[in-house]
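Down below is the structure, laid out as structure tokens.
Read-outs throughout are calculated quantities, based only on the coordinates presented, and are distinct from any laboratory measurement. All of these numbers come straight from a predicted model, not from anything done at the bench.
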């Protein structure tokens with residue numbers, strides 16, 4: 001579950017970076033900070049998906065971690081410029097990740113925490 005928590009943290013950092021660049025009338029500054037965070041997020045998610053896919057996964061990883069990472073990857077937030085559409089995708093991805101964390105916490109494995 002640490003992978004999903006890390007994903008959640010990275011999404012929060014990305015959200016903050018995008019909001020910092022929001023100017024008046026919804027115009028976003030285009031500096032390298034958001035692009036760098038997007039690239040790091042993309043590499044992190046893809047690397048973790050590949051690692052899990054190539055290993056013998058635990059039940060927890062099969063039931064919660066891999067689906068959470070796959071759902072985050074499917075939102076396609078990588079390779080975008082800072083704008084309202086990206087911010088909305090980040091919010092949606094955060095919601096999806098929160099769902100998987102909640103799902104885990106309600107499962108037998110999560111109940112042991």
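Observations
- Scaled radius of gyration (Cα, divided by 2.2 N^0.38 Å) that the range 2-111 gives: 1.13
- Span from the the range 1-45 Cα centroid across to the the range 68-94 one, whole angstrom: 9 Å
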